[in-house]
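Enquirer: Below: one structure in structure tokens.
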Amino acid sequence: MSAAATGALAIAHTESSNGWGGQEIRILAEAAAFRALGHDVLVYAAPGARIVAEAARFGVPVTVLPIARKRPAGLVALARALARRPVDIVNAHSSTDTWLSALACRALLLAGRAAPVLVRTRHVSVPVPNDVATRWLYRKATSRVVTTGERLREQLIRDNGLDPARVSSVPTGIDAARFGAMPKAAARASLGLPAEAPLVGIVATLRSWKGHRFLIEASARVARHDAVLVIVGDGPQREALEAQVAASGLANRVRFAGQQNDVAPWFAAFDVFVLPSYANEGVPQALLQAMFAGVPCVTTDAGAIPEIARDGDTATVVAKQDAAALAAGIDALLADPARAAAQAERARAFVAPRYTEAAMVERMEAVFRDALADRQRRR
């Protein structure tokens, strides 16, 4: 018998992706928060995945399984792992591990073994196919679907015909105590950043759809020629972005900071935070972090961003894939510090009561327990 009967939950997260970004950070942060509350939580991940190396930093146990691809070896390994260490919930996060988890649970049932309830968390707004197999996955094999934004939830209900009662929006929560506490001067000094120059920052994995190339182009158009763009993060687009900076003659105005385990000091150092994503977003962690840190934001209406970014209120929202619009938004905030500060304060007042890590954990626990209760009712 699992720990659910005593109040604690046994949860296995699965992640087939080798990437490192908001999705993987949420998995580990959420798992660590659940463990702190006394739940039994572990992660199954693919060989060589960055999440494997990072798990220890979060205090989360991780087991490596061959789940990077949809192959029989991964299915067998996952089914055996779930049989050896039964859990109440499998929370799957990427397409491949969701399929493997669904089939592993089915294999356990066919073998006369107890199988966990499957919960699928979707972190991006990429459309879900509506073929027969995928309908089985989302409507039959999966008990609950969690999205990281209400727009993503509405998309699944509208386009894939999912039962609204089985789909919940649970945006990523932020540890508020980590953001907004460090003075700007101290943050810049600790990071070796210019003390006086306007700093425009982005914290995001270097993926195409995050829109870094448009931000670099916008940097050449910003009125303040002493402004410095600080790019925090790493990823597959780094070489292309570095080449763009060199070709644009912006080497003295753009800094690549690379991947940072602690991004709080970087947010504290920024005058303006920019997230120019043009696709795939839920409610982005970095945008929330900037708002908790009291940094005025320029962003777009991609995905579920409008749930927290309201133009002229909590953010300056500009057109997607438009460097001129980005530059104008940045200029407006740098030119009017009072306006920028007021916008940042409204944003912090909006997100602080709604998007904490504690709220995320409470809502995820409610999803898990509801899924278990639903299974019990169906027996």
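Enquirer: Answer yes if at least one residue in the range 357-379 is within 21 Å of Ile202 (Cβ to Cβ), open to solvent by less than 60 Å² (accessible area, probe 1.4 Å), among the aliphatic types (A, V, I, L, M) and touching a helix residue (DSSP H, G or I) at 6+ places or on another chain (Cβ under 8 Å), and no otherwise.
Expert: no
Enquirer: May I pose another question? In the range 23-48, how many residues are open to solvent by less than 10 Å² (accessible area, probe 1.4 Å), of a type in the set (A, V, I, L, M, F, W, C) and out of contact with any Ser or Thr (no Cβ under 7 Å at 6 or more places or on another chain)?
Expert: Adding up the residues that qualify gives 7.
Enquirer: Here is a follow-up. If you take just the strands (runs of 3 or more DSSP E) that sit entirely in the range 15-123, which of them hold at least 3 residues that are within 19 Å of Leu137 (Cβ to Cβ)?
Expert: Correct list: 89-92, 117-122.
Enquirer: Among the candidates Ala81, Ala77, Ala102, single out the residue that is over 24 Å from Thr147 (Cα atoms), in contact (Cβ under 8 Å) with a residue 24 or more places away in the chain and among the aliphatic types (A, V, I, L, M).
Expert: Residue meeting the stated conditions: Ala81.
Enquirer: Would you confirm, using the coordinates I've provided, whether Ala92 is of a type in the set (A, V, I, L, M) and open to solvent by less than 30 Å² (accessible area, probe 1.4 Å)?
Expert: Considered against the rule, which asks whether it is of a type in the set (A, V, I, L, M) and open to solvent by less than 30 Å² (accessible area, probe 1.4 Å), Ala92 comes out as yes.
Enquirer: So, one more: Can we say Ile67 is buried (at least 18 other Cβ atoms within 10 Å of the Cβ) and either within 20 Å of the chain's Cα centre (by Cα) or not polar (S, T, N, Q) (or both)?
Expert: yes
Enquirer: Looking at the range 312-356, which of its residues are closer than 26 Å to Ala176 by Cβ, in contact (Cβ under 8 Å) with a residue 60 or more places away in the chain and open to solvent by 30 Å² or more (accessible area, probe 1.4 Å)?
Expert: Listed by number, the residues that qualify are Arg348, Ala352, Thr356.
Enquirer: Ok, one more. Against the definition (in contact (Cβ under 8 Å) with a residue 24 or more places away in the chain, open to solvent by less than 40 Å² (accessible area, probe 1.4 Å) and under 17 Å from Ile231 (Cα atoms)), how does Thr299 come out, yes or no?
Expert: yes
Enquirer: Considering the range 124-174 alone, what residues qualify as being part of a loop (DSSP other than H, G, I, E, B), of a type in the set (S, T, N, Q) and more than 28 Å from Ala29 (Cα to Cα)?
Expert: The answer is Asn130, and nothing else.
Enquirer: All but one of (1) buried (at least 22 other Cβ atoms within 10 Å of the Cβ); (2) in contact (Cβ under 8 Å) with a residue 24 or more places away in the chain hold for Arg153, so report the exception by its number.
Expert: The failed condition is (2).
Enquirer: Looking at (1) more than 21 Å from the chain's Cα centre (by Cα); (2) surrounded by 21 or more Cβ atoms within 10 Å (Cβ to Cβ), find the lone condition where Phe179 falls short.
Expert: That leaves (1) as the condition not met.
Enquirer: Okay, next question. So, restricting to strands (runs of 3 or more DSSP E) that lie completely within the range 198-265, which ones have at least 3 residues that are within 26 Å of the chain's Cα centre (by Cα) and free of Cβ contacts under 8 Å to residues at least 60 places away in the same chain?
Expert: So the answer is 228-232, 254-258.
Enquirer: Let me ask something additional. Exactly one of these conditions fails for Phe273: (1) without any contact (Cβ under 8 Å) to a residue 40 or more places away in the chain; (2) in a strand (DSSP E or B). Give me its number.
Expert: With respect to (1) without any contact (Cβ under 8 Å) to a residue 40 or more places away in the chain; (2) in a strand (DSSP E or B), Phe273 is out only on (1).
Enquirer: From (1) in contact with a helix residue (DSSP H, G or I) (Cβ under 6 Å, 6 or more places away or on another chain); (2) within 30 Å of Ala8 (Cβ to Cβ), pick out the condition that doesn't hold for Ala352.
Expert: In the conditions (1) in contact with a helix residue (DSSP H, G or I) (Cβ under 6 Å, 6 or more places away or on another chain); (2) within 30 Å of Ala8 (Cβ to Cβ), Ala352 misses (1) alone.
Enquirer: Still on this structure, I have one more. Working carefully through the options Pro116, Pro171, find the one that is within 17 Å of Gly22 (Cβ to Cβ), in contact (Cβ under 8 Å) with a residue 40 or more places away in the chain and buried (at least 16 other Cβ atoms within 10 Å of the Cβ).
Expert: Within the list Pro116, Pro171, the selection yields Pro171.
The values are calculated or read from the model by the stated rules, or taken from the named source; none is laboratory data. Computed from a predicted model, the values in this text were never measured in an experiment. Every residue, glycine as well, gets a Cβ built from its backbone with ideal geometry; the counts of neighbours run over all protein chains shown. Calculation scope for accessible area: heavy atoms of the full protein, side chains included, ligands and nucleic acids excluded. Shrake-Rupley method; radii C 1.70, N 1.55, O 1.52, S 1.80 Å.
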